[in-house]
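Notes follow once the structure below has been shown.
The values are calculated or read from the model by the stated rules, or taken from the named source; none is laboratory data. Given the structure is predicted, the values throughout are model-derived calculations rather than measurements. Neighbour counts are summed over all protein chains in view; Cβ atoms, including those assigned to glycine, are modelled from backbone coordinates with ideal geometry. Please note that ligands, DNA and RNA were not included when accessible areas were found on the heavy atoms of the full protein model with its side chains. Shrake-Rupley method; radii C 1.70, N 1.55, O 1.52, S 1.80 Å.
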Amino acid sequence: MNLTERIEKFPFLIEFSELAKKRDEKVYIVGGFVRDLFLGRDKKEFDFLIVGDGVEFANAISKKLKQKKIVIYKTFGTAQFQYDEYFLEFVGAREESYDRASRNPKIERGSFLQDIKRRDFTINTLAISLNENDFGELIDTYKGIEDIEKKILRTPIDPMITFDDDPLRIMRAFRFASNLEFDIVDEIKDAAIQMKERLAIVAQERITDEFFKILSSERPSIGLRLMFDTGVMSVIFPEISIMGGVEQRKDYHHKDVFQHTCIVVDNISKVTDDVWLRFAALVHDIAKPQTKRFVEGIGWTFHGHEEMGARMMKSVFEKLKLPLHKIEYIKKLIRLHLRPIALVDDDVTDSAIRRLVVQAGEELDDLITLCRADITSKNPNKVTKYLENYEKVMNRVQEVREKDKLREFQSPVKGDEIMRVLDIKPSKLVGIVKTRIEEAILEGDIPNEYDAAYDFLMKIKNEYKN
Ligand code: ATP
Ligand code: MG
């Protein structure tokens, strides 16, 4: 690949070169942009390294490019702004040394090589010079290209030091391994095992961010298994890590819930990019360890794991600092994940189907997607049969929906009308009567129509008059 040609696609980079010359500084493109160029991926985000004053350089170049909105982070010595469709980030070359007690690095100006050396992985140490004397030249100090070709993650220096300086890099290692499907060298794995407890000093938001980037991989199980195998999962998400392992009693053993979950997450990732649906797949069986019982003559049971799993989400969301507006969605999917399969028999009534439609509401399609992903049998005949079962349930759902137009289900007779007929003020009783009408519709006693509901109300009204 001719690099100069590749970066000439971005004519604004010439301005960088001129400015650096004028300011007697050096400027390079570093990090993800260069890495992704060699991976054949286009990226709209540029990271620039300036040997000199990064913030002043960013200021000057923003003026040259006629961009007014520049954001400067003084304490970190970084700056960023948007230019056309590109997102440009600037940092001055630094030599970082960490104070073990505090999370903040002490930042001192450094040389190009000092800066490159403290970066996380060799594939992220690649730089392209934008300076006049060697414009477009690749600087590959730590054999990053070789590692891209070999598809491996390595640290430029001893990973024990890399991870000790910033333990988040452990998560970043698993994230890159999972996103890019690269192997991580044994030294990184060993260092992660030894350093994992230090993740406790890292801000939860940064950890969660990497965790979700792992979930957005094509095959998230790569990252999930790395976290599990190194014990990192037991530090950051112990509820998932205790799902691992199998117990056997007499002839009975249950499947390894963690390994099963990995397959479910990979399955669902083939059909959805929605990271929250993927998260639901990750946690759907989360309460199996707590509900596990051995029943003589039957084997292992996990009674009530759906309900308990849903309840566990409060503390999980708090600990991982997840957005609370997503909690009901996740709880609903956990709580209902066994329901569709209970509805496959031919003698299941319309009202049972209706209940599922009403309880799942908008989430019914996601629920079925989860159920289908939950099929992890290795026997293809069984898989086909189970998939057909869900097909059957969804056909029934379709039938009932058409019959009832149930999607936005609510009593067709509204509260104010109930109050008028019963001659009562707003009170609990209004809700009770409304629920009774809704129940009658769900049970199929009356159709989901205004006239029928009104007649029903007239019939029962005397029960509520005193
Ligand atoms: P992506 O943008 O795809 O997440 P990236 O490699 O560009 O990947 P950024 O977080 O934008 O990641 O960081 C830019 C560069 O800064 C990285 O390539 C890496 O060289 C360096 N870097 C970022 N975070 C760290 C860190 N915690 N420790 C060491 N180096 C880091
Ligand atoms: Mg980047």
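Observations, loosely collected:
- Residue, modelled with the lowest pLDDT, within the stretch 69-95, restricted to residues that are more than 16 Å from ligand 2 (Cβ to nearest atom), open to solvent by less than 50 Å² (accessible area, probe 1.4 Å) and over 18 Å from LEU19 (Cα atoms): GLY77
- Filter pass, ASP36 being within 15 Å of ligand 2 (Cβ to nearest atom), open to solvent by less than 60 Å² (accessible area, probe 1.4 Å) and free of Cβ contacts under 8 Å to residues at least 60 places away in the same chain: yes
- Single residue of ASP416, ASP347 found to be acidic (Asp, Glu), out of contact with any Ser or Thr (no Cβ under 6 Å at 6 or more places or on another chain) and not in a helix (DSSP H, G or I): ASP347
- PHE317 surrounded by fewer than 21 Cβ atoms within 10 Å (Cβ to Cβ), more than 30 Å from GLU438 (Cα to Cα), in contact with a strand residue (DSSP E or B) (Cβ under 6 Å, 6 or more places away or on another chain) and not small (Gly, Ala, Ser): no
- Filtered residues of the stretch 367-382 (kept if part of a helix (DSSP H, G or I), closer than 17 Å to LEU343 by Cα and open to solvent by 30 Å² or more (accessible area, probe 1.4 Å)): THR369, ARG372
- Evaluation of ALA342 against (1) under 27 Å from SER315 (Cα atoms); (2) open to solvent by 40 Å² or more (accessible area, probe 1.4 Å) (one fails), failing number: (1)
- Qualifying helices (runs of 4 or more DSSP H) (wholly inside the stretch 163-243; at least 1 residues being within 23 Å of VAL275 (Cβ to Cβ)): 168-180, 204-215, 221-230, 232-236, 238-241
- Test result for LYS331, part of a helix (DSSP H, G or I) and touching a residue at least 24 places away in the same chain (Cβ under 8 Å): no
- Checklist (1) assigned by TED's automatic domain parsing to the domain that holds VAL257; (2) farther than 30 Å from ASN179 by Cβ; (3) open to solvent by 10 Å² or more (accessible area, probe 1.4 Å) applied to VAL358, failing item: (1)
- Output for the stretch 138-151, where each listed residue is surrounded by 15 or more Cβ atoms within 10 Å (Cβ to Cβ) and over 30 Å from the mean Cα position of the chain (by Cα): LEU138, ILE139, ASP140, THR141, TYR142, LYS143
- Helices (runs of 4 or more DSSP H) lying entirely in the stretch 253-304 (those with 2 or more residues that are closer than 19 Å to LYS326 by Cβ and open to solvent by 10 Å² or more (accessible area, probe 1.4 Å)): 275-283
- Tally, over the stretch 115-137, of residues that are within 13 Å of ligand 1 (Cβ to nearest atom) and surrounded by fewer than 18 Cβ atoms within 10 Å (Cβ to Cβ): 1
- Scope the stretch 373-405; condition within 14 Å of ILE334 (Cα to Cα) and not small (Gly, Ala, Ser); matching residues: ASP374
- Residue match in the stretch 3-14 (condition: among the basic types (Lys, Arg) and either farther than 24 Å from LEU180 by Cβ or open to solvent by 60 Å² or more (accessible area, probe 1.4 Å) (or both)): yes
Conditions (1) in contact with a Lys or Arg (Cβ under 7 Å, 6 or more places away or on another chain); (2) free of Cβ contacts under 8 Å to residues at least 24 places away in the same chain; (3) assigned by TED's automatic domain parsing to the domain that holds CYS371; (4) under 20 Å from GLU362 (Cβ atoms), marked per residue:
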{"residue": "ASN389", "(1), (2), (3), (4)": "no, no, yes, no"}
{"residue": "LYS392", "(1), (2), (3), (4)": "no, no, yes, no"}
{"residue": "ARG420", "(1), (2), (3), (4)": "no, yes, no, no"}
{"residue": "LYS425", "(1), (2), (3), (4)": "no, yes, no, no"}
{"residue": "VAL430", "(1), (2), (3), (4)": "no, yes, no, no"}
{"residue": "ALA440", "(1), (2), (3), (4)": "no, yes, no, no"}
{"residue": "ALA453", "(1), (2), (3), (4)": "no, no, no, no"}
{"residue": "LEU457", "(1), (2), (3), (4)": "no, no, no, no"}
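- Selected residue [farther than 17 Å from ILE116 by Cβ, away from ligand 2 (no atom under 16 Å from the Cβ) and touching a residue at least 60 places away in the same chain (Cβ under 8 Å)] from PHE57, PHE12: PHE12
A quick yes/no check of all residues on (1) outside the structural domain of PHE10 (by TED's automatic domain parsing); (2) within 12 Å of ligand 1 (Cβ to nearest atom); (3) of a type in the set (D, E, K, R):
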| site | (1), (2), (3) |
| --- | --- |
| PHE38 | no, no, no |
| LYS43 | no, yes, yes |
| ASP47 | no, yes, yes |
| LYS63 | no, no, yes |
| PHE76 | no, yes, no |
| PHE87 | no, yes, no |
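- Answer from LYS44, LYS66, LYS22, LYS26 - the residue that is exposed (fewer than 15 other Cβ atoms within 10 Å of the Cβ), at negative phi and away from ligand 2 (no atom under 15 Å from the Cβ): LYS22
- Odd one out for LYS143, checked against (1) assigned by TED's automatic domain parsing to the domain that holds PHE237; (2) away from ligand 2 (no atom under 16 Å from the Cβ): (1)
- For the stretch 1-40, a tally of residues being more than 34 Å from the chain's Cα centre (by Cα) and among the β-branched types (Val, Ile, Thr) returns 3.
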